[in-house]
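This report refers to the structure that appears directly beneath it.
The values are calculated or read from the model by the stated rules, or taken from the named source; none is laboratory data. Computed from a predicted structure; not experimentally measured. Cβ atoms come from the backbone with ideal geometry, glycine included; neighbour counts cover every protein chain shown.
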Amino acid sequence: MLREKSKLLTQAHQALDILLTAGAFVAAYFIKKYLLPVPFRGLTTGPNYYVVLLLVIILWYILFNAFHVYASYRRRSFLRVLWETARAVSAGMLALVLGLYVLKITDVSRLMLGIFYVLNMVFLGLSKGVLYYTLARYRRKGYNFRNVLIVGSRDRAKEVIDAIGDELGAGFRVLGCLDLEPGDVGRPVRNSIGVIGTVADIETILKEEVVDELIFAMPLKDINQAGIYILKAEEMGVSVRIVPDWQIHALSYRPGVALIRFEDFLGIPTIALHTTPQNQRALLVKGALDLVSAGAGIILLSPLFGLIALAIRGFSKGPVFFRQERTGLHGRRFMLYKFRTMAADAESKRRDLESLDEADGPVFKIRKDPRIIPRVGGFLRRTGLDELPQLINVLRGEMSLVGPRPPIPSEVDRYDVWQRRRLSMKPGITCLWQVSPRRNDMSFKEWMNLDLQYIDNWSLSLDVKILFMTVRAVFSGEGR
């Protein structure tokens, strides 16, 4: 899975570079033919510029790979990235001139090629700058890392730690190791990583820390009832890897939801159990659609944003936006944005209304909440328009357009173990629960089951279906 994901991201990066290069070439052609002042304007009809463009695409594709343009950004400074890109483009120009000579393609405008060279450097430099600093920002916030908890602290655990340390671009961070005896807690293992607890602490740590993967790097036969710990991780939606001692057949464990597959983990053969979708191509498309749709949505809906803001300020004193800490993927915390639909002091009044709570789980809901802003608040809630600012969260990489709704941390603290698996996918603005005809009268357990149903049956077509159903729900005004 790791190699597949890395390969897909590299292919997407290559496609973007080739697209920008082709765009620079076409832009240079039109600038030379139509926009330059006389006498520099115009092009002869002799050479076939389609053939020249095809040659550019082939050469640039080969040379970008030859000059290691797509090596991990974690290993390099941005200046290094620009330098290697400039070397590749410059080598491409030399190879292009040589190719034109060999193919006897004459009368190609040298001025146009010069404009193309400059535009190509600018387009690629800007795109790589955005990508470089966006990834760096996500890494600082922990979004571009998968947090790993290792069961074991001996040779196998050290091998895993060394593999992660050698693969800076792999995007893993070791939280610590677990061992069998309490006396081992605090003992260093490797590279400032030590034993932070025992195997018996697995459930507690999975609840309290952001853990994306649990790696068993010790013989399973040495762990009393190892299957119970694997089951806990499966129920909570945490991926499990086992560095095999080929004793797994001795486990009395059969996965209920997880899929078992053999995977290479940074050069180490492992048995992997995943409870979330593993179609990396489809997930990559989902992520790209999230970013493009969120960016376009914010721009296109900006007039509506302005009208809603004016309406809120006209009927209630206080800020336009409501900010609240929510729980995201595997327990990551982030600030969620909504249009404010309640009085500015609504949170301080919640304790006085706890006795009126109509929900049957760890959520809080009142049919006729007295804190809602008159006229405006009810309308925004019924239509779901109060959720629109979460497009900002989607752009920040904290949410997706479709996915389980992000809960409040205090609600997560009261979840049963099986309910925590809904945190195993990135939260969304809309979900199956929000487009359900019974959304306002659904029990908490039914809500959770719908989220798990979404995770277990996820596909791009399901996301598209939910988005269309959401549009219908907005116009029907069935929310609350």
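Pairing each residue of region 333-353 that is in the same structural domain as residue 298 (by TED's automatic domain parsing) with any residue that is modelled with pLDDT under 70 and crowded, with 19+ Cβ neighbours inside 10 Å, provided the two are 6+ apart or on different chains, yields no C-beta distance under 6 Å. Which of the residues that make up region 264-279 are assigned to a strand (DSSP E or B) and of a type outside the set (A, V, I, L, M, F, W, C)? Within region 264-279, 264, 269, 270, 274 qualify. Scanning region 95-110 finds one or more residues that are within 16 Å of residue 53 (Cβ to Cβ), touching a Lys or Arg at 6+ places or on another chain (Cβ under 9 Å) and buried (at least 18 other Cβ atoms within 10 Å of the Cβ). Taking region 439-459 as the range and being out of contact with any Asp or Glu (no Cβ under 8 Å at 6 or more places or on another chain) and either closer than 18 Å to residue 381 by Cα or part of a loop (DSSP other than H, G, I, E, B) (or both) as the test, the residues that pass are 441, 442, 457, 458, 459.
Yes or no, residue by residue, for (1) touching a residue at least 60 places away in the same chain (Cβ under 8 Å); (2) among the polar types (S, T, N, Q); (3) in contact with a strand residue (DSSP E or B) (Cβ under 8 Å, 6 or more places away or on another chain); (4) not assigned by TED's automatic domain parsing to the domain that holds residue 332:
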{"position": "415", "(1), (2), (3), (4)": "no, no, no, no"}
{"position": "419", "(1), (2), (3), (4)": "no, yes, no, no"}
{"position": "432", "(1), (2), (3), (4)": "no, no, no, no"}
{"position": "456", "(1), (2), (3), (4)": "yes, no, no, no"}
{"position": "459", "(1), (2), (3), (4)": "yes, yes, no, no"}
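Scanning region 187-209 for residues that are part of a strand (DSSP E or B) and surrounded by 14 or more Cβ atoms within 10 Å (Cβ to Cβ) yields 189, 190, 193, 194, 195, 196, 197, 198.
For (1) over 19 Å from the mean Cα position of the chain (by Cα); (2) surrounded by fewer than 16 Cβ atoms within 10 Å (Cβ to Cβ); (3) of a type in the set (S, T, N, Q), each residue gets a yes or a no:
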{"site": "271", "(1), (2), (3)": "yes, no, no"}
{"site": "277", "(1), (2), (3)": "no, no, no"}
{"site": "290", "(1), (2), (3)": "no, no, no"}
{"site": "296", "(1), (2), (3)": "no, yes, no"}
{"site": "300", "(1), (2), (3)": "yes, yes, no"}
{"site": "311", "(1), (2), (3)": "yes, no, no"}
{"site": "319", "(1), (2), (3)": "yes, yes, no"}
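Every test in (1) over 17 Å from residue 24 (Cα atoms); (2) free of Cβ contacts under 8 Å to residues at least 60 places away in the same chain is passed by residue 118 save one, and that test is (1). Taking region 60-94 as the range and being among the aromatic types (Phe, Trp, Tyr) and either at pLDDT 90 or above or under 20 Å from residue 115 (Cα atoms) (or both) as the test, the residues that pass are 60, 61, 64, 83.
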